[in-house]
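Here the structure comes first, spelled out in structure tokens, and everything after it is commentary.
The values are calculated or read from the model by the stated rules, or taken from the named source; none is laboratory data. Every value quoted in this text rests on a predicted model; they were computed, and no experiment measured them. Here the Cβ is made from the backbone with ideal geometry for all residues, glycine too, and neighbour counts use every protein chain on show. For the accessible areas, the whole protein counts, side chains as well, though only heavy atoms, and no ligand, DNA or RNA atoms are used. Shrake-Rupley method; radii C 1.70, N 1.55, O 1.52, S 1.80 Å.
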Amino acid sequence: MRTTDRWIFTVVFLLIAVFPWLVGRISGISHYIEVMIFAGIFSLVCLGLSLLMGYAGQISLAQAAFFGIGAYTSGILTARFDWNPWLAMPVGAVLAAAVAWIVGVPALRLRGHYLAMATLGFGVIVHIVFSEEVEWTGGPSGMVDIPGLAIAGWRISSEVQWYYLIWGIVFLALLFSFHILHSRVGRALRAIHEEEIAAEAMGVPTARYKVQIFVFGAVLAAIAGSFYTHYVTFLSPSSFNLMWSIRFVLMVMVGGMQSLWGALLGTVLLTFVGNEWLQVFADFEVLVYGAILLVVALFLPQGLISVLRRGPGGARSSVSRLGGEG
Amino acid sequence: MEHPARQPGASILELNDIQMSFGGVHALKGINHAVPEGIIQAVIGPNGAGKTTLFHCISGLLNPTEGSILFRGAEINGLAPHRIAHLGISRTFQHVALFKSMTVLENVMLGRHSRTRSGFWATGLRFPGMRSEERNIHKKAEAFLDLVGLADASRLQAGTLPLGKQKILEIARALATEPRLVLLDEPAGGLNMTETEELGVLIQKICQTGITVVLVEHDMNLVMDISDQILVLHYGQYLASGTPQHIKDDPAVIEAYLGEN
């Protein structure tokens, strides 16, 4: 990691670590812990999506579907077949990877936004399967009796325990992603985003990298889905529809596409917006999201993170931000 | 990668009846030519002669409609560009195609891609082998920047360099792939006289390390100065080929360039 990132990493890590203590001291917002658990789960999805959007220049409208594949695989294997959740989780991840590979290989061999089209259709199909396969998924009335999680016989019961588990995993995924970005693979991804033809001519197998990053994003989404399942212990298809895929894209865009920190910021912010501050809008929620997207696209194409970067203290020229060794 | 002893006269690149059509437009109408290893080969011709199209065919960005391209005796047409890069052909672009928001150094480091191997897991989990490879990439990239004289600019964003330096940076990036054959597409375009002279010296230096250079260029002084052999194209067809002296006196070339007067 670069020094700037290492610095931000430490600060964010500390903020996240003291958050439960802080929230506990302020009355009326103790449920913010719960919102942050969801934000952490969604952050896993958005980290993968941010790599795909910001660094490989592709959009996926099926992240909610991959999230759902992980969630339902875990749900079905644990609730119906009594599997250990920790064994069900990798099965969901592998399944999502296989599916992403099948969708991604043909769509990503072509230049342009074929992946967006392919994933749009695929996401809708997956959602229909979740709704219609009533025997397996419980259909629209949902799936119940999903067990919680336990580590070495010790049940994760309190919100605070869930909070630290989820955010611990987010930080591991973040670390992994930063390592990738500041390496041979990351340079290849950034090169693809900037000058695909030149990258290819310099020896980068561009199609293979795009597929890899898409598969990686699907795996992260599936793992997030598994945790979601065991945290909520109830599944309904509406959590995995197209609207959710768009929401994930929006989270990445609001925060800032070419920055993993941006993805994290956007996810936390929009999770609070969706779970907390927008409840009053009820059915008009979609309109609000549309408005947010419009404002970001028009006035903040680099996302909120660009404002923080330009601000005092956080100001770093783009030269030094991208400069130096990994 | 080691360059094996060159056999004088052996051709590194053979073009056999290369044709390239875009719908009804015939950009190349059957080009036959052989490039001996270790020389500086220029390709010239008026605008629209098909020079850049020919480069795209050799580097795999276009697949010729007809004909075959042999690189060191093996057919390469139809291969993906990254495969061709791996085999040892690299190139620069007429319209600079740098990774503009990456640093100068990172651009050259990207050139090392096909000569290194750490994958997704190795980099994500930071395996020890990956770290030493990364150090190696860094060191080699710096050496290539040194070679072209851009070492001082290594931390700058590539897009902030003046055009002349961007062109040189593209050459460094191409060299970083350790090619046996490098295609330079109008490297002197946009360079001033001093820069063009320095470029000529650099190209000769590249050739002396055993890399064959194929050069598309409009600056005739540069072409005549440094080329061993010149191929002239005209409207997608072969017009003439030979040493600079021979080309200068060729009546067909003079006519193509100067018209009928």
Evaluate the relative contact order of chain B (contact order divided by residue number), counting alpha-carbon pairs under 8 angstrom at least 6 apart; express in whole percent. 26
About the Cα centre, and with charges only on the beta carbon of Lys, Arg (+1) and Asp, Glu (-1), how big is the dipole of chain A? Nearest 20 debye, please. 1100
With at most 11 neighbouring Cβ atoms within 10 Å, loop GluC sites (Glu not before Pro) (DSSP) excluded, longest segment of chain B: B:3-259
Interface size B-A, as summed buried accessible area [1.4 Å probe, Å², nearest 100]: 3300
Phi to ³J(HN,Hα) by Karplus 6.51 cos²θ - 1.76 cosθ + 1.60 over segment B:13-20, Hz, x for Gly, Pro: 9, 10, 10, 10, 6, 6, 10, 9
Net charge near B:Leu147: determine it from the other residues with C-beta under 11 Å of the C-beta of B:Leu147, scoring Lys and Arg +1 and Asp and Glu -1. 0
Between segment B:200-251 and segment B:93-113, how many Å separate their Cα centres? 26
Could you work out the local net charge near A:Val215, counting Lys and Arg as +1, Asp and Glu as -1, over the other residues with Cβ closer than 15 Å to its Cβ? +3
Which ³J(HN,Hα) values, rounded to whole Hz and listed in residue order, are derived for segment B:119-128 from phi using the Karplus coefficients 6.51, -1.76 and 1.60 in 6.51 cos²θ - 1.76 cosθ + 1.60 with θ = phi - 60°, glycine and proline given as x? x, 4, 5, 4, 7, x, 9, 6, 4, x
Where only protein heavy atoms count, and the probe is 1.4 Å, what is the accessible area per residue for chain A in Å²? 42
Probe radius 1.4 Å, ligands and nucleic acids ignored: give me the carbon and sulfur share of the accessible area of the protein assembly as shown as a rounded percent. 61
Can you check what the net charge comes to around B:Pro64, using other residues whose Cβ is under 15 Å from the Cβ of B:Pro64 (Lys, Arg +1; Asp, Glu -1)? -2
Counting pairs of alpha carbon atoms under 8 Å apart in space and at least six apart in sequence, what relative contact order in percent does segment B:101-178 give? 53
When Cβ neighbours within 10 Å are restricted to other protein chains, what is their mean count per residue of peptide B:89-99? 3
If you filter segment A:159-264 for chymotrypsin sites (Phe, Trp or Tyr not before Pro), then keep DSSP loop positions with at most 16 other Cβ within 10 Å, what is left? A:Phe234
Amide H contacts of B:Arg91 (H built 1.01 Å from N, under 5 Å, at least 5 apart or other chain): B:Leu183
Listing of segment A:186-222 residues, each with accessible area lower by at least 50 Å² in the full protein assembly than in the chain alone (probe 1.4 Å): A:Arg187, A:Glu194, A:Glu195, A:Glu200, A:Ala201, A:Met202, A:Gly203
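Which pairs in the list B:Lys100/B:Lys140; A:Lys210/B:Lys100; A:Lys210/B:Lys140; B:Lys51/B:Lys139; B:Lys167/B:Lys248 are over 25 Å apart, alpha-carbon to alpha-carbon?
A:Lys210/B:Lys140; B:Lys51/B:Lys139; B:Lys167/B:Lys248
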Please give the calculated 222 nm ellipticity per residue for chain A, where each DSSP H segment of at least 4 residues contributes -39500 (n - 2.57) and the sum is spread over every residue; nearest 500 deg cm²/dmol? -23000 deg cm²/dmol
Segment A:34-92-segment A:209-232 distance, computed between alpha-carbon centres (Å): 4
In what sequence, largest accessible area first, do A:Tyr72, B:Tyr238 appear using a 1.4 Å probe? B:Tyr238, A:Tyr72
